[in-house]
């Protein structure tokens, strides 16, 4: 299958769909295939069942949200020490 590069405009349009529509035919009939990870990125191969296009989505870590930590009762008073506060000016 020949490789086609998207223009920046086409890539932005695809990213606006959050990867939910085929960049070639705009179908939502997509199937996630294999994936891979490294220290800085994660890739997900995707196939469109309508036009049979295949591509690789690239994800990068941007941060962390909503960390919830559960401790046994005897450790609850140590919970502040278990998760370091990197915003602490004393560091």
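The values are calculated or read from the model by the stated rules, or taken from the named source; none is laboratory data. In this text, all values refer to a predicted model and were calculated from it rather than measured experimentally. Neighbour counts run over all protein chains shown; Cβ positions are idealised from the backbone, glycine included.
Key figures for this structure:
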{"quantity": "Residue in the stretch 65-76 that is in contact with a helix residue (DSSP H, G or I) (Cβ under 6 Å, 6 or more places away or on another chain), surrounded by 10 or more Cβ atoms within 10 Å (Cβ to Cβ) and modelled with pLDDT under 90 present", "calculated": "yes"}
{"quantity": "Condition check for residue 27: surrounded by 10 or more Cβ atoms within 10 Å (Cβ to Cβ), modelled with pLDDT of 80 or more and within 23 Å of the chain's Cα centre (by Cα)", "calculated": "yes"}
{"quantity": "Hits in the stretch 5-15 (condition: surrounded by 10 or more Cβ atoms within 10 Å (Cβ to Cβ) and either within 27 Å of residue 63 (Cβ to Cβ) or without any contact (Cβ under 8 Å) to a residue 12 or more places away in the chain (or both))", "calculated": "6, 11, 12, 13, 14, 15"}
{"quantity": "Qualifying positions in the stretch 18-66 - assigned to a strand (DSSP E or B) and free of Cβ contacts under 8 Å to residues at least 12 places away in the same chain", "calculated": "34, 35, 36, 37"}
{"quantity": "Residue list for the stretch 34-54, restricted to those being at pLDDT 90 or above and either more than 15 Å from the chain's Cα centre (by Cα) or surrounded by fewer than 13 Cβ atoms within 10 Å (Cβ to Cβ) (or both)", "calculated": "47, 48, 49, 50, 51, 52, 53, 54"}
